[in-house]
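Down below is the structure, laid out as structure tokens.
The values are calculated or read from the model by the stated rules, or taken from the named source; none is laboratory data. None of the values given here were measured: they were computed from a predicted structure. Glycine also receives a Cβ, built like all others from the backbone with ideal geometry; neighbour counts cover every protein chain displayed.
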Amino acid sequence: MSKTIRLGSRPPYPITVVKLFKKPGDVIKSQEPLMQYSFKWTKEVGDNIRKETWNEEQTTYVSWNSPADGDLKQWLIKEGEVIPRDGPCMVIKEACSHEIQFQGLCAICGKDMTEVNWAAETRDTDRAPISMVHDQTNLTVSTVQAQRTENELQRRLLESRKLSLVVDLDQTIIHACIDPTVGEWQKDPDNPNHDSVKDVKSFQLDDGGPRGAARGCWYYIKMRPGLERFLRRISELYELHVYTMGTRAYAQSVAHIVDPDQKLFGNRVISRDENGNMFSKSLQRLFPVSTNMVVIIDDRADVWPRNRPNLIKVSPYDFFKGIGDINSSFLPRRRDLLPSAAADGAAVNGNGVPPKVNKAAVTEKPSALDELASIAGADDPAITQRQVEEQERTLEKQIKDRPLQLLQEQLDKEEEEAEKATTKSEDGSDTPPSSPPHHRHQVLRDGDTELQYLEQHLTRLHKAYYDEYDRKRASHRASSNVDLSSVPDVGRMLEGLKSKALRGTKVVLTGIVPMGVEIAHVDVGQQLVGFGAGIVTKIGHDVSHLVVNSLRPRTKKVQQAARIPSIRIVNQDWLAACFSQWRIVEEGPYLFDVHPDDRPAEGDATISDADETDDAVKDSDKPPSTPVRGGQILRIKAPAPRLKLVSASGETKELDDEDSDDEDDDDGDMEDVEDEDVLPDDINDGQLSPIDGLKTFNWGQVDDELQEFLASGSDDDDDDDDGDEDADTMDTDADETSPSSRKRKFEGGESEDAGDGTDAETAQDENTALSNGIGTRDGASVAKKLRRTKSLRGTSSLRNQYVSDVDGDADGDSSLLTPQVTGDEEEVSLIKGGLTPSLVEAEASATEADLDATDLEAEFEAELMAEFEAAAGGEANGNDGEKG
Amino acid sequence: MFFLHNLERRVTLHPSYFGRNMHDLVTTKLVKDVEGTCAGDYYIIAIMDTFDVSEGRILPGSGLAEFTVGYRAVVWRPFKGEVVDAIAYSVNPHGFFAQAGPLRLFVSSHLMPDEIQYDANATPPQFTNNADMVIEPGTHVRVKIIGLRTEVGEMWAIGSINGDFLGCLQA
């Protein structure tokens, strides 16, 4: 192989070639003089003391030495030539290009690469910088060799129509723990967990394993359900590699359990000992040139910072509850955990203590390590040492604490109590031998189905990949059956496949991403985006799903969303299911049971309080014009908060909030940032928040009004001891006395005509107004309502604030939200549902109208007139209903 | 190549061992310390005999006794060009690793006969000429050393099976 040699940066240019010692064809050895050159320089000569100095030009002759061995093929310079700068000077045929090196030795010629060659400017060891072998780090290859090897690999894969699949071990295809309890359960057929653990494999590590108490301990390996079948089928489509953060010995042992005859993984196992980086995994470690044909399955996305596109994230397999990943101290702290609702339930039951202790041990300390790692390089031996110690501590803790046993004992205890409550005959059920096993529940359950879906995805991906490859190859008209140039990038295909999964959904998360964390930086967010879902931060009508953390079930967003029937409120398991199945999973089983106080229809609680969301969904599915009978009742739920307010402060003041709203509008609203955080900019729906922009509110005036009102002797049945400011203000708002608001009403109504129309609100307001106004008053109320709707076309920010604030305090002062709802409104709504179809229709058309914005205002007025008439018709009944 | 080599080493002994069988203790300690180590460019395989244990000297400060022991040992020094028998332990596309006693060797695919090719589809992956030569982990191979490098306590070599009578050993 010929190589062009440059002069290098050392000669003091410009130089003049004086003599060439060698001629083409000669054998040259490194550090041997090949040519002589001269250069000129000036030197101060003379008597320095007497200041009789002058500069004299000197010429120096230097020989230029060969930086490499080989045969000289051609000189690119001539004798006498002046060379102004560094450039190529000769072509040689190198004896050896040292492309494969083993521990400082060239594996081709056997030369010691660490020998310092003073004539060369680069070290020979730099020629082979890439380590790409699974089980060794001291074998390095050059870029050219790496390319060659990889082409070879791709050719082979294309011939057998396979792809590469890099498989993580811990919590992806297996779950490991060292809790000795597992061994005891295995031996004890009476134990309720016996069935679960009887196929758990175990092995002992004595070399290089952890020291101390964990030394020589048994590792218990539970394979993910269906693993054998999965691997067998997938290995027909993929060449499998193991990539784990466990030690080499651990990886080998697990690989041996999973794949006893080495048919699946062969020797393609890489562990943290060979990884070269303690904190992250990199495909480039194995496939330095091209990752076009490599797919990863791992339960952690954050350890693959460079290879996200190729990654299929698997939901972590958590069989031994509370154990986590026993090798996790070698990974960055886990941030992507999406706690499952079931697990949360267990934690709430009181079983949560051991896992928490364990988790804390695993997660808290590495955070310091993270920082260290970011400061120092990842290969720092001190960090490695600390990590190892960390792992040892964790493991020892596991052996000592026996978290599984604790869990089981707790479960037993609970059950015993439960049993005592029901039957007195059974006693002592927490002592394993004496108790009959049938009624003891097991801690360990094995209902994981992830691998089924994973297999589907991988098969689909494989098919898509080779379809694409065949298509490309056909267009290239390649002669051979292997065409490396038309290899598609599997990462891109994977992204394409994934992005279709949740396309069309708009998801809002609540209680899942910690405060102050950008959702796009969190794993959940990245996954959502990867699956093509839209992430919205605020509840709006275009939102399709609200994902609620079932540990924090009562957030603002839940309350907001509960008012919009088209939003499906689901728990985080739905998200997990979608991620694992790559489709929009049927929401049914995941629908979130909204806390009764957060529901918009507290007043209707007697009618349907079992599954609010279900109803909401049902309702949204129906076209709004149809549900005159049953659905109508449900529809009225949406504006119910308004009802509350109204009933709280007396019938006559139902318009108060709008009035204060007007006032706000005059003041200029939407000033506070918090507001915009929580709510969509364009509230074009029934976000009934009457206390938006309270910060700009004239409190003195309100107080006066309140005094006035209280003095007027109205029955105020609001709760008031919630101790929350916002809630109080809302209260105040609600209690705002009518006189002044009435005063303001007119100005408000007139001034807001020009407001940019948000007709949804108008529609909702109509609902409200209809449901209460009609019953209580006559046509005058409808007229007021007309004004109100007009006023509402301006941004009724006050209402928005109401919602958001209420949500924030939901836990503390929910009572506030449920002022004693009388049966009146309910009945009213019923009556209305039964008797005033025209009204409903008006409503329906109003709802439709919100799709088109301001230009439909005129239509609105017409509709309102229709309502007016309808109301006049239903008035008598309404009055009756109320009195009754 | 194996040699009988006369060597010398200083052995220290803790005062608690001072007594009649001190010389035995010194010998035992020597064997424990030295056997199986790599001393520069050779391995000390076995100590034949200890023929000269000097009288002990108390080291000032620590109280340990220091003995200078002359001994004769079997040492193995691999040479460039030497042919050794080794056992392959890891195979990858670039070549295979083998172990000749304590010495780790790497034989690159460039230093194999042309007909021996890497076969990744075999389980486990192997180098084979599709006839009698199959090199996979555990195979005994005869290798010619073409390069050597030593560091303190460690030695590595590059081997070749490109030559007559090199390669797989038909056991």
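Quick check on residue A:150: is it more than 22 Å from residue A:275 (Cα to Cα) and of a type outside the set (Ser, Thr, Tyr)?
Spelling it out, it is not the case that residue A:150 is more than 22 Å from residue A:275 (Cα to Cα) and of a type outside the set (Ser, Thr, Tyr).
Cβ-Cβ below 9 Å, separation at least six or inter-chain, first residue in the range A:530-548 and of a type in the set (Gly, Ala, Ser), second part of a strand (DSSP E or B) and surrounded by fewer than 22 Cβ atoms within 10 Å (Cβ to Cβ): which pairs?
Pairs that qualify, where the first residue is of a type in the set (Gly, Ala, Ser) and the partner is part of a strand (DSSP E or B) and surrounded by fewer than 22 Cβ atoms within 10 Å (Cβ to Cβ), are A:533/A:506; A:534/A:506; A:540/A:506; A:544/A:506; A:544/A:534.
Let me confirm something: among A:80, A:46, A:70, which residue is under 60 Å from the mean Cα position of the chain (by Cα) and on the phi > 0 side of the Ramachandran plot?
Every option except A:70 fails the conditions.
Within the range A:496-507, can one find any residue that is over 17 Å from the mean Cα position of the chain (by Cα) and in a helix (DSSP H, G or I)?
Among the residues of the range A:496-507, at least one is over 17 Å from the mean Cα position of the chain (by Cα) and in a helix (DSSP H, G or I), which makes the answer yes.
Name every residue in the range A:527-558 that is in contact with a Lys or Arg (Cβ under 9 Å, 6 or more places away or on another chain) and assigned to a strand (DSSP E or B), in order of residue number.
The answer is A:534, A:535, A:545, A:546, A:548.
Would you mention how many residues in the range B:129-168 are part of a loop (DSSP other than H, G, I, E, B) and within 10 Å of chain A (Cβ to nearest Cβ)?
2
Since residue A:68 meets every condition but one in (1) part of a strand (DSSP E or B); (2) touching an Asp or Glu at 6+ places or on another chain (Cβ under 7 Å); (3) surrounded by 11 or more Cβ atoms within 10 Å (Cβ to Cβ), which condition does it not meet?
Here residue A:68 meets the rest and fails (1).
Residue under question is residue A:109, and the condition is that it be part of a loop (DSSP other than H, G, I, E, B), modelled with pLDDT of 90 or more, closer than 30 Å to residue B:146 by Cα and within 11 Å of chain B (Cβ to nearest Cβ); does it hold? Give the derivation first.
Details: part of a loop (DSSP other than H, G, I, E, B): yes; modelled with pLDDT of 90 or more: yes; closer than 30 Å to residue B:146 by Cα: yes; within 11 Å of chain B (Cβ to nearest Cβ): yes.
Yes: the conditions hold for residue A:109.
Restricting the range A:241-254 to residues that are buried (at least 23 other Cβ atoms within 10 Å of the Cβ) and of a type in the set (A, V, I, L, M, F, W, C), which is farthest from the other protein chains (Cβ to nearest Cβ)?
Result: A:245.
Output the residues belonging to the range B:32-63 that are among the aliphatic types (A, V, I, L, M), surrounded by 15 or more Cβ atoms within 10 Å (Cβ to Cβ) and more than 14 Å from the chain's Cα centre (by Cα).
Within the range B:32-63, B:47, B:53 meet the criteria.
I'm trying to understand the selection: among the residues of the range A:112-121, which are among the aliphatic types (A, V, I, L, M) and away from chain B (no Cβ under 11 Å)?
A:116, A:119, A:120
Looking for whichever is buried (at least 19 other Cβ atoms within 10 Å of the Cβ), hydrophobic (A, V, I, L, M, F, W, C) and either more than 30 Å from residue A:462 (Cα to Cα) or modelled with pLDDT of 85 or more (or both) here; the options are A:203, A:230. Which one fits?
Numbers: A:203 fails: buried (at least 19 other Cβ atoms within 10 Å of the Cβ).
Step by step, each of A:203, A:230 is checked, and only A:230 is buried (at least 19 other Cβ atoms within 10 Å of the Cβ), hydrophobic (A, V, I, L, M, F, W, C) and either more than 30 Å from residue A:462 (Cα to Cα) or modelled with pLDDT of 85 or more (or both).
Within the range A:255-263, is even one residue more than 14 Å from every other protein chain (Cβ to nearest Cβ) and in contact (Cβ under 8 Å) with a residue 12 or more places away in the chain?
yes
Is it fair to say residue A:82 is in contact with a Ser or Thr (Cβ under 6 Å, 6 or more places away or on another chain), among the hydrophobic types (A, V, I, L, M, F, W, C) and farther than 30 Å from residue B:146 by Cα?
Spelling it out, residue A:82 is indeed in contact with a Ser or Thr (Cβ under 6 Å, 6 or more places away or on another chain), among the hydrophobic types (A, V, I, L, M, F, W, C) and farther than 30 Å from residue B:146 by Cα.
Can you name the number of the only condition in (1) within 14 Å of chain A (Cβ to nearest Cβ); (2) hydroxyl-bearing (Ser, Thr, Tyr); (3) in contact with a Lys or Arg (Cβ under 7 Å, 6 or more places away or on another chain); (4) part of a strand (DSSP E or B) that residue B:68 fails?
Residue B:68 satisfies every listed condition except (1).
Which residues, counting only those in the range B:109-128, are closer than 24 Å to residue A:99 by Cβ and outside any strand (DSSP E or B)? Please lay out each step first, then the result.
Narrowing the range B:109-128 to residues closer than 24 Å to residue A:99 by Cβ: B:109-120, B:125-128.
B:109, B:110, B:111, B:112, B:113, B:114, B:115, B:116, B:120, B:125 - these are the residues of the range B:109-128 that are closer than 24 Å to residue A:99 by Cβ and outside any strand (DSSP E or B).
Restricting to strands (runs of 3 or more DSSP E) lying wholly in the range A:122-179: which have 1 or more residues that are more than 10 Å from chain B (Cβ to nearest Cβ), closer than 30 Å to residue A:391 by Cβ and of a type in the set (Gly, Ala, Ser)? Please lay out each step first, then the result.
Working: elements: A:139-141, A:163-167, A:174-177.
In the range A:122-179, A:163-167, A:174-177 are the strands (runs of 3 or more DSSP E) which contain 1 or more residues that are more than 10 Å from chain B (Cβ to nearest Cβ), closer than 30 Å to residue A:391 by Cβ and of a type in the set (Gly, Ala, Ser).
Please enumerate the residues belonging to the range A:501-526 that are touching a residue at least 24 places away in the same chain (Cβ under 8 Å) and more than 13 Å from residue A:552 (Cα to Cα).
A:501, A:502, A:503, A:504, A:505, A:506, A:507, A:508, A:522, A:523, A:524, A:526
For the range B:97-108, how many residues meet the condition of being assigned to a strand (DSSP E or B) and more than 14 Å from every other protein chain (Cβ to nearest Cβ)?
1
For residues in the range B:86-139 being in contact (Cβ under 8 Å) with a residue 40 or more places away in the chain and among the β-branched types (Val, Ile, Thr), which is surrounded by the most Cβ atoms within 10 Å (Cβ to Cβ)?
B:107
Of the residues A:561, A:576, which single one is in a helix (DSSP H, G or I), at pLDDT below 80, among the aliphatic types (A, V, I, L, M) and out of contact with any helix residue (DSSP H, G or I) (no Cβ under 7 Å at 6 or more places or on another chain)?
None of the others qualify; the one that does is A:561.
What single numbered condition from (1) assigned to a loop (DSSP other than H, G, I, E, B); (2) within 14 Å of chain B (Cβ to nearest Cβ); (3) of a type outside the set (Gly, Ala, Ser) fails to hold for residue A:78?
Of the numbered conditions (1) assigned to a loop (DSSP other than H, G, I, E, B); (2) within 14 Å of chain B (Cβ to nearest Cβ); (3) of a type outside the set (Gly, Ala, Ser), the odd one out for residue A:78 is (2).
Please indicate, with yes or no, whether at least one residue in the range B:4-12 is in a strand (DSSP E or B), over 29 Å from residue B:163 (Cα atoms) and without any contact (Cβ under 8 Å) to a residue 40 or more places away in the chain.
Checked the range B:4-12: no residue is in a strand (DSSP E or B), over 29 Å from residue B:163 (Cα atoms) and without any contact (Cβ under 8 Å) to a residue 40 or more places away in the chain.
Has the range A:11-21 got at least one residue that is part of a strand (DSSP E or B), more than 22 Å from residue A:74 (Cβ to Cβ) and in contact (Cβ under 8 Å) with a residue 24 or more places away in the chain? First the steps, then the outcome.
Residues of the range A:11-21 that are part of a strand (DSSP E or B), as a first pass: A:15-20.
Then keep just the ones that are more than 22 Å from residue A:74 (Cβ to Cβ); that gives none.
No, the range A:11-21 has no match at all.
If only one of A:484, A:444, A:509 is modelled with pLDDT of 75 or more and crowded, with 20+ Cβ neighbours inside 10 Å, which one is it?
That would be A:509, the only listed residue that is modelled with pLDDT of 75 or more and crowded, with 20+ Cβ neighbours inside 10 Å.
In the list A:97, A:38, A:63, which residue meets the criterion of being within 14 Å of chain B (Cβ to nearest Cβ) and not hydrophobic (A, V, I, L, M, F, W, C)?
A:97
Hey, among A:568, A:583, A:629, which residue is at pLDDT below 50 and of a type in the set (Lys, Arg)?
The conditions single out A:629.
Six or more apart or on different chains, Cβ atoms under 6 Å: show the pairs whose first residue is in the range A:230-254 and farther than 15 Å from residue A:220 by Cα and whose second is of a type in the set (Val, Ile, Thr) and not in a helix (DSSP H, G or I).
Within 6 Å, the pairs are A:240/A:167; A:241/A:166; A:242/A:167; A:242/A:269; A:243/A:166; A:243/A:270.
Given the conditions (1) over 25 Å from the mean Cα position of the chain (by Cα); (2) away from chain A (no Cβ under 13 Å), which single one is not true for residue B:119?
Result: residue B:119 passes all but (2).
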